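S.K.: Sending over a structure as structure tokens; questions will come in a sec.
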Amino acid sequence: MKERVTICEVGPRDGLQIAKTRMTTDDKIAWIQSLAAAGIPEIEVGSFVPPRVIPQLADTAEIVSRLVPTNPQWTIQVLAPNLRGVQNAYNAGVDKIAIPVSVSEGHSMANLNRKPAQSIEMMREIMAWLKAQPRKVPLIAGASTAFGCSIDGVVTTAQTVALCKGLADAGVDEIMLADTVGYAHPAQVKEVVLATRAEIGPVLHGLHLHDTCGLGVANALAGLEVGIRAFDSCLAGLGGCPYAPGASGNVVTEDLVFMLESMGFDTGIDLDVLLASRAVLHAGLPGEAMHGQMPKAGLPPTFRRAA
Ligand code: ZN
């Protein structure tokens, strides 16, 4: 048995929120289904934010309502900003809910309009509500700006660890360390992962990486080397953060999967089918730049899947 690494494709959420043109609901569904056909085990399909905040994601409720009855084999994840969003997501029938919580105060105020300490209070209320529901829906907290912030600048390891400790104490199921603006480097990734795990143990789940400075895959490798086995990524490296000026795309799913499978980690993803998903994305969002080194070079003939 090869060791498993779980990829969560966040393109339909993180990848679309600052896209210049709007993708139709039908095109999104076609894209999501092509991602699922490649074997991606978890897909973040949208966000239950008020439609005026991110118009690109205004059709999330419809997308979920069309996907849930198909009983997909993969995990339907959505983002929610607060308790109201969590309740809407839960009632829509999603499998997993992600909540962004910023480590840095500047990003927290700009993005969420609350201080980090208030986010932890909010998380306690959310967990209390979720635990009172009949259906178990795991909650994953994304610790945004865990490695640096475009507004506050340096974010210390101690700041990140302290926020994660607060989230773990509030009872969240999993925590992702998010390099929201893409300032992290591999040595820093190792340091923050090890320090966070020392404090909260296995509640530390994975890494959400951006490729702003070209270090997305290098940072993933650093995380892998210190035991991280879950990553968020975006097909074609779409995405960014509307409240983080200068931030460019997420780490490229195709490049990440190519590295993992080549190294012998089983992602469950078929790269040929995944590469075909790029055409489906491009058809629905023709104006958007498509990133990725391996897709441009083509899958090398020496490549062998791990599984
Ligand atoms: Zn992101």
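S.K.: Looking at TRP74, is it open to solvent by less than 10 Å² (accessible area, probe 1.4 Å) and either away from the ligand (no atom under 16 Å from the Cβ) or among the β-branched types (Val, Ile, Thr) (or both)? Walk me through how you get there before you give the answer.
M.R.: Working: open to solvent by less than 10 Å² (accessible area, probe 1.4 Å): no; either away from the ligand (no atom under 16 Å from the Cβ) or among the β-branched types (Val, Ile, Thr) (or both): yes.
The answer is no for TRP74.
S.K.: Return a yes/no flag: does region 159-166 have any residue that is touching an Asp or Glu at 6+ places or on another chain (Cβ under 8 Å), open to solvent by 30 Å² or more (accessible area, probe 1.4 Å) and not in a loop (DSSP other than H, G, I, E, B).
M.R.: yes
S.K.: Based on this model, can you work out whether LEU67 counts as under 17 Å from the mean Cα position of the chain (by Cα), in a helix (DSSP H, G or I) and buried (at least 21 other Cβ atoms within 10 Å of the Cβ)?
M.R.: Values: under 17 Å from the mean Cα position of the chain (by Cα): no; in a helix (DSSP H, G or I): yes; buried (at least 21 other Cβ atoms within 10 Å of the Cβ): yes.
No, not satisfied.
S.K.: Tell me, yes or no, whether region 44-54 has at least one residue that is open to solvent by less than 10 Å² (accessible area, probe 1.4 Å), in contact with a strand residue (DSSP E or B) (Cβ under 7 Å, 6 or more places away or on another chain), away from the ligand (no atom under 16 Å from the Cβ) and at pLDDT 95 or above.
M.R.: Just the residues of region 44-54 that are open to solvent by less than 10 Å² (accessible area, probe 1.4 Å), to begin with: 44-47.
Subset that is in contact with a strand residue (DSSP E or B) (Cβ under 7 Å, 6 or more places away or on another chain): 44-47.
When the remaining residues are screened for being away from the ligand (no atom under 16 Å from the Cβ), the result is none.
No.
S.K.: Would you check which residues across region 159-173 are more than 16 Å from the ligand (Cβ to nearest atom) and touching a helix residue (DSSP H, G or I) at 6+ places or on another chain (Cβ under 7 Å) and list them? Break it down into steps so the answer makes sense when it comes.
M.R.: Quick first cut of region 159-173, residues more than 16 Å from the ligand (Cβ to nearest atom) only: 159, 161-173.
Matches in region 159-173: VAL161, LEU163, CYS164, LYS165, GLY166, LEU167, ALA168, ALA170, GLY171, VAL172.
S.K.: Now, a different point. If a residue must be within 23 Å of SER150 (Cβ to Cβ), at pLDDT 95 or above, charged (D, E, K, R) and in a loop (DSSP other than H, G, I, E, B), how many such residues does region 71-114 contain?
M.R.: Residues meeting the conditions: 0.
S.K.: Note down all Cβ pairs under 8 Å where the first residue falls in region 251-267 and is of a type in the set (Asp, Glu), the second is assigned to a loop (DSSP other than H, G, I, E, B) and open to solvent by less than 10 Å² (accessible area, probe 1.4 Å), and they're at least six residues apart or on different chains.
M.R.: Close Cβ pairs satisfying both conditions: GLU254/GLY292; ASP255/GLY292; GLU261/THR267; GLU261/ILE269; ASP266/VAL5.
S.K.: Moving on to the next point. Identify all residues within region 120-143 that are more than 19 Å from the chain's Cα centre (by Cα) and assigned to a helix (DSSP H, G or I); write none if there are none.
M.R.: First, pick out the residues of region 120-143 that are more than 19 Å from the chain's Cα centre (by Cα): 120-122, 124-136.
Correct list: ILE120, GLU121, MET122, ARG124, GLU125, ILE126, MET127, ALA128, TRP129, LEU130, LYS131.
S.K.: Quickly run through region 101-122 and pick out the residues that are aliphatic (A, V, I, L, M) and surrounded by fewer than 24 Cβ atoms within 10 Å (Cβ to Cβ). It would help to see each step written out before you state the result.
M.R.: Restricting attention to region 101-122, the residues satisfying the condition of being aliphatic (A, V, I, L, M) are 101, 103, 109-110, 112, 117, 120, 122.
Passing the criteria: MET109, ALA110, LEU112, ALA117, ILE120, MET122.
S.K.: Among the residues of region 1-43, write down those that are at pLDDT below 95, open to solvent by 20 Å² or more (accessible area, probe 1.4 Å) and not β-branched (Val, Ile, Thr).
M.R.: Listed by number, the residues that qualify are MET1, LYS2, GLN17, LYS20, ARG22.
S.K.: Limited to region 184-238, what total is found for residues that are open to solvent by less than 10 Å² (accessible area, probe 1.4 Å) and of a type in the set (S, T, N, Q)?
M.R.: 3
S.K.: Residue check: is GLY268 surrounded by fewer than 18 Cβ atoms within 10 Å (Cβ to Cβ) and more than 16 Å from the ligand (Cβ to nearest atom)?
M.R.: Working: surrounded by fewer than 18 Cβ atoms within 10 Å (Cβ to Cβ): no; more than 16 Å from the ligand (Cβ to nearest atom): yes.
In short, no.
S.K.: Any chance region 144-156 includes a residue that's β-branched (Val, Ile, Thr), away from the ligand (no atom under 16 Å from the Cβ), open to solvent by 20 Å² or more (accessible area, probe 1.4 Å) and part of a helix (DSSP H, G or I)?
M.R.: Of the residues in region 144-156, the ones β-branched (Val, Ile, Thr) are 145, 151, 154-156.
Those left that are additionally away from the ligand (no atom under 16 Å from the Cβ): 154, 156.
Adding the requirement that they be open to solvent by 20 Å² or more (accessible area, probe 1.4 Å) leaves 154, 156.
Of the ones still in play, those that are also part of a helix (DSSP H, G or I) are none.
Looking for residues that are β-branched (Val, Ile, Thr), away from the ligand (no atom under 16 Å from the Cβ), open to solvent by 20 Å² or more (accessible area, probe 1.4 Å) and part of a helix (DSSP H, G or I), one finds none in region 144-156, hence no.
The values are calculated or read from the model by the stated rules, or taken from the named source; none is laboratory data. Note that the structure is a prediction, hence the values are computed from the model and not measured. Note that each Cβ is placed from the backbone with ideal geometry, even for glycine, and that neighbours are counted across all protein chains shown. Areas reflect the complete protein model, heavy atoms only, side chains present, ligands, DNA and RNA absent. Shrake-Rupley method; radii C 1.70, N 1.55, O 1.52, S 1.80 Å.
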